[in-house]
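Shown next, in structure tokens, is the structure this report addresses.
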Amino acid sequence: MSKSITDIQQEIIQEFSLLDGDMEMTVFYIMELGQKLPAMNEANKTEDNVVKGCQSKVWLAAKLENDNVYFEADSNTAITKGLVSLLVRIFNGQSPEAILNADLSFMQKIGMERFIGTQRSNGFAAMIKQMKLYALAFKTKQDVKS
Amino acid sequence: MSVATRTSLDVENIRKQFPVLHQKVNGRDLVYFDNAATNQKPDAVINSLVDYYSNYNANIHRGIHTLAEKATKAYEQTRALAKEFINAASEQEIIFVRGVTEAINLVAASYGKAFIREGDEIIISGLEHHSNIVPWQFVCQDRKAVLKVINVKDNGELDLEQFKTLISSKTKLVAVNHASNSLGTINPIKQIIDLAHANHAVVLIDGAQAGAHLPIDVQALNCDFYCLSSHKMFGPTGTGILYGKKNLMELMPPYQGGGEMIKSVSFEKTTYNDLPYKFEAGTPNIADVIAFGKAIEFINSIGKEAIAAHEHELLVYATERIKTLPHVRVIGEAKEKVGVLSFSIDGIHPFDIGQMLDARGIAVRTGHHCTEPLMERLGVEGTVRASFSVYNTKQEVDQFIEGLDRIIKFLK
Ligand SMILES: Cc1ncc(COP(=O)(O)O)c(C=O)c1O
């Protein structure tokens, strides 16, 4: 059994609290997380997989394996990639149901709005919406099968 | 020039006049390098707004009471200052508008309606801000006219030889900027104006990036229209100037209808007011126009030459230092530039650079700077732009370079 969405969010909140609210350290840390995001399969970086509404370019692909969802993502900007990696980390390996019901309270707790700004926050919301849409599609498929 | 020329500036003293500069952003002293977007306001401008609303707020031109009289005088005082500032022949040639965007839209709509016919040509340049592109596209669509574009050379200068091949008896209007907001290029507008006039075309100059930086003499230039935004000249947002030659503007139809712009109104026939009021329909932006006057006085008190010399020194210093960093490409290396330094760093997105600099309290602009066709021409998605003003210092440039150095070391 993998960690729950709540557990992972808790971990992230913990990690960010170590940065003491220092903006520069936080930004560097976010980019570091982005650098650690597993490389996305180039074949999946299609126009269809571009998340609409993001200022910078973000690609997102998803698959269902053993009833759990796995995301792959990339971005052409390092900070966005880092932010996206947080979502991938939280959602990967979770059930469609859990993703659909997830309450992403970590965003507020780590003061996300301070470093995503108004321009990025719309894109970030679009990203979450897209992930939940994938989850919904997978859940619908599962429901049909069972 | 009536303004005394000084060679060195007391930057510390100037900085004291700008309250916004004295703050921490993300834990560090603010370094404001986004002056091409809008520059900061001195106490004189801020206090003038408070003074107006606290002491003599009234609608102008119509009232006979004391406050109205005082407000009208102050408003018209800015017109007198503006006339001197750009050396217009008469105050009737100074129209208050919302800013450069509205000035260009006014000319496009009014001049376009009166003088542009099917098959006529309008020439703009590849360096233009969207504000100096889109209004002309409207005119061309509406009048079935043709839009032509002066090419930009790799170094960011305009290709005047190609311009000479574009211009012909079909050309009715040429609209170019005095200086480019994206690259800083100062354009040879006197030459462009003379070439256009030789072909009986009128010329509009977008002076958004010149207002606070370059000497402007509309009579010496002999341009037909010149546009300025107050907020890029230490003044408030929401106001600016359209200069137009009187004989031309008298032939142009009003842009908007309403109060102020009329002589008399009846349901059968309305007669229009004289210049400049013909183009100032409705209650104008009184407070901001008055404060704009204080901004012009601020610029005059330092002197454009001294401002330009200081900014040039910062530009040269910043350009030299940035070129010592690995992977950096300076974009736009025209021989004549205002204090705008556009650049990219190979493999690092401009957004990331902008955000990382912001984390150190340094404000720059990233993106296409409202010049998408120019970005396309240069083959970049966008740039990072640092733009300097009279209150910036070499020490701030050092902080900026240090910030970039850290970013490159981290990401490379
Ligand atoms: C060259 C140039 N033209 C036009 C504009 C538009 O000015 P405003 O938004 O003040 O109307 C700008 C402002 O960014 C500019 O830099």
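The values are calculated or read from the model by the stated rules, or taken from the named source; none is laboratory data. Because the structure is a prediction, the values reported are computed rather than measured. A quick note on method: Cβ atoms are made from the backbone with ideal geometry, for glycine too, and the neighbour counts reach across all protein chains shown.
Residue selection: residue A:123 fails the criterion of being part of a helix (DSSP H, G or I), on the phi > 0 side of the Ramachandran plot and at pLDDT below 85.
Residues checked against (1) outside the structural domain of residue B:396 (by TED's automatic domain parsing); (2) within 16 Å of the ligand (Cβ to nearest atom); (3) within 22 Å of the chain's Cα centre (by Cα):
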{"site": "B:60", "(1), (2), (3)": "yes, no, no"}
{"site": "B:82", "(1), (2), (3)": "yes, yes, yes"}
{"site": "B:92", "(1), (2), (3)": "yes, no, yes"}
{"site": "B:101", "(1), (2), (3)": "yes, yes, yes"}
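Within the stretch A:48-85, being within 14 Å of chain B (Cβ to nearest Cβ) and either of a type in the set (S, T, N, Q) or touching a residue at least 60 places away in the same chain (Cβ under 8 Å) (or both) holds for A:54, A:55, A:56, A:58, A:75, A:76, A:77, A:80. Kindly check whether there is at least one residue in the stretch A:93-108 that is within 17 Å of residue A:38 (Cβ to Cβ) and either touching an Asp or Glu at 6+ places or on another chain (Cβ under 6 Å) or more than 14 Å from chain B (Cβ to nearest Cβ) (or both). Yes, some residue in the stretch A:93-108 is within 17 Å of residue A:38 (Cβ to Cβ) and either touching an Asp or Glu at 6+ places or on another chain (Cβ under 6 Å) or more than 14 Å from chain B (Cβ to nearest Cβ) (or both).
Counting residues in the stretch B:120-127 that are over 29 Å from residue B:341 (Cα atoms) and not aliphatic (A, V, I, L, M) gives one or more.
The set of residues in the stretch B:215-232 that are in contact with a Lys or Arg (Cβ under 7 Å, 6 or more places away or on another chain) and of a type outside the set (D, E, K, R) comprises B:215, B:221. Within the stretch A:13-51, the set of residues being surrounded by fewer than 18 Cβ atoms within 10 Å (Cβ to Cβ), within 25 Å of residue A:61 (Cβ to Cβ) and β-branched (Val, Ile, Thr) comprises A:46, A:50. Residues that are in contact with a Cys (Cβ under 7 Å, 6 or more places away or on another chain) and part of a loop (DSSP other than H, G, I, E, B) occur in the stretch B:124-131; there is at least one. Of the residues making up the stretch A:57-75, those that are over 15 Å from the mean Cα position of the chain (by Cα) and either modelled with pLDDT under 90 or not in a strand (DSSP E or B) (or both) are A:66, A:67. Checking the stretch B:238-257 against the condition returns a match, with at least one residue being among the hydroxyl-bearing types (Ser, Thr, Tyr), under 20 Å from the mean Cα position of the chain (by Cα) and under 26 Å from residue B:392 (Cα atoms).
Within the stretch B:347-365, being under 30 Å from residue B:149 (Cα atoms) and modelled with pLDDT of 95 or more holds for B:364, B:365. Summed over the stretch B:264-276, residues that are touching a residue at least 40 places away in the same chain (Cβ under 8 Å) and either of a type in the set (Phe, Trp, Tyr) or buried (at least 18 other Cβ atoms within 10 Å of the Cβ) (or both) total 2. Whether any residue in the stretch B:378-385 is within 14 Å of chain A (Cβ to nearest Cβ), touching a Gly at 6+ places or on another chain (Cβ under 7 Å) and outside any helix (DSSP H, G or I) is what I want to check. Yes, because at least one residue in the stretch B:378-385 is within 14 Å of chain A (Cβ to nearest Cβ), touching a Gly at 6+ places or on another chain (Cβ under 7 Å) and outside any helix (DSSP H, G or I). Taken together, the criteria exclude residue B:122 from residues that are in the same structural domain as residue B:247 (by TED's automatic domain parsing), of a type outside the set (Lys, Arg), more than 12 Å from the ligand (Cβ to nearest atom) and in contact with a His (Cβ under 6 Å, 6 or more places away or on another chain).
Okay, residues lined up against (1) more than 14 Å from chain A (Cβ to nearest Cβ); (2) touching a Ser or Thr at 6+ places or on another chain (Cβ under 7 Å); (3) within 30 Å of residue B:343 (Cα to Cα); (4) part of a loop (DSSP other than H, G, I, E, B):
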| residue | (1), (2), (3), (4) |
| --- | --- |
| B:14 | yes, no, yes, no |
| B:37 | yes, no, yes, yes |
| B:71 | yes, no, no, no |
| B:78 | yes, no, no, no |
| B:89 | yes, no, no, yes |
